1. Give me the pairs: first residue in the stretch 106-124 and in contact (Cβ under 8 Å) with a residue 12 or more places away in the chain, second residue among the basic types (Lys, Arg) and open to solvent by less than 70 Å² (accessible area, probe 1.4 Å), beta-carbon distance under 6 Å, and six or more apart or on different chains, which are they?
2. Name every residue in the stretch 5-40 that is in contact with a Lys or Arg (Cβ under 6 Å, 6 or more places away or on another chain), open to solvent by less than 30 Å² (accessible area, probe 1.4 Å) and outside any helix (DSSP H, G or I), in order of residue number.
3. Restricting attention to the stretch 94-111, which residues are of a type in the set (Phe, Trp, Tyr) and open to solvent by less than 40 Å² (accessible area, probe 1.4 Å)?
4. Go through the stretch 73-93 and count every residue that is assigned to a helix (DSSP H, G or I), within 17 Å of LYS104 (Cα to Cα) and open to solvent by 30 Å² or more (accessible area, probe 1.4 Å).
5. From the list ILE103, ILE119, ILE60, exactly one residue is within 18 Å of VAL9 (Cβ to Cβ), in a helix (DSSP H, G or I) and not polar (S, T, N, Q). Which is it?
6. Looking at ILE119, is it among the hydrophobic types (A, V, I, L, M, F, W, C), surrounded by fewer than 21 Cβ atoms within 10 Å (Cβ to Cβ) and under 24 Å from ARG36 (Cβ atoms)?
7. Kindly indicate whether any position in the stretch 41-50 is in contact (Cβ under 8 Å) with a residue 40 or more places away in the chain, within 19 Å of VAL9 (Cβ to Cβ) and either part of a helix (DSSP H, G or I) or open to solvent by 30 Å² or more (accessible area, probe 1.4 Å) (or both).
8. Six or more apart or on different chains, Cβ atoms under 6 Å: show the pairs whose first residue is in the stretch 64-93 and at positive phi and whose second is open to solvent by 30 Å² or more (accessible area, probe 1.4 Å) and in a helix (DSSP H, G or I).
Amino acid sequence: ANLKDSTTVISLIKALSDRYYGVRYSAALALSNIGRPAVRPMVDALRVPGGDTLSFYHLIEIAGDIGDPKFLETLIVIVSSDDPYARAFAAEALGKLGTEEAIKALDQRYEVETHPLVISKIESVVLN
């Protein structure tokens with residue numbers, strides 16, 4: 001099978017919800033290794049609210065690992081979401097993107113953020 005095929009990518013995204021850690025970990029690693037061909041299906045998956053929280057967090061983390069600017073807009077939305085853990089993962093991912101827009105979004109979030117985890121993630125990203 002071609003790992004960069006979109007149906008393979010979608011299957012790997014679904015595998016991030018598997019009840020077994022080894023399956024989730026392997027799927028996350030494979031998505032990170034696939035890189036750019038995984039971006040569009042991952043952006044689509046990140047834009048769909050609901051679903052499995054753990055796989056959502058994995059997707060945010062992988063987006064940061066891949067570092068494609070196509071994730072920027074979606075990560076900016078997530079860093080302002082109601083879920084502090086999603087915000088923390090998004091802050092880290094935006095830091096890995098490191099673009100001017102990403103850092104600006106983190107600065108803006110920092111002004112209003114109240115959750116200590118998110119504050120510390122933003123500080124570690126912006127100060128490093």
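The values are calculated or read from the model by the stated rules, or taken from the named source; none is laboratory data. What you see is a predicted model, and the numbers here were worked out from it, not measured in a lab. Counting neighbours? That spans all protein chains shown, and the Cβs are built from the backbone with ideal geometry, glycine included. These area figures cover heavy atoms from the full protein model, side chains too; ligands, DNA and RNA do not enter into them. Shrake-Rupley method; radii C 1.70, N 1.55, O 1.52, S 1.80 Å.
1. VAL118/ARG87
2. LEU16, the sole residue that qualifies.
3. Going residue by residue through the stretch 94-111, those that are of a type in the set (Phe, Trp, Tyr) are 110.
Answer for the stretch 94-111, where residues must be of a type in the set (Phe, Trp, Tyr) and open to solvent by less than 40 Å² (accessible area, probe 1.4 Å): there is none.
4. As a first pass, look at the stretch 73-93 and keep what is assigned to a helix (DSSP H, G or I): 73-78, 84-93.
Checking the rest, the ones that are also within 17 Å of LYS104 (Cα to Cα) come to 73-78, 87-93.
Now drop any that are not open to solvent by 30 Å² or more (accessible area, probe 1.4 Å), which leaves 73, 76-77, 89, 92.
Adding up the residues that qualify gives 5.
5. Values: ILE103 fails: within 18 Å of VAL9 (Cβ to Cβ); ILE119 fails: within 18 Å of VAL9 (Cβ to Cβ).
After applying the criteria, what remains is ILE60.
6. Values: among the hydrophobic types (A, V, I, L, M, F, W, C): yes; surrounded by fewer than 21 Cβ atoms within 10 Å (Cβ to Cβ): yes; under 24 Å from ARG36 (Cβ atoms): no.
No: the conditions fail for ILE119.
7. First, pick out the residues of the stretch 41-50 that are in contact (Cβ under 8 Å) with a residue 40 or more places away in the chain: none.
There is no residue in the stretch 41-50 that is in contact (Cβ under 8 Å) with a residue 40 or more places away in the chain, within 19 Å of VAL9 (Cβ to Cβ) and either part of a helix (DSSP H, G or I) or open to solvent by 30 Å² or more (accessible area, probe 1.4 Å) (or both).
8. Hits for this filter: GLY67/LYS96.
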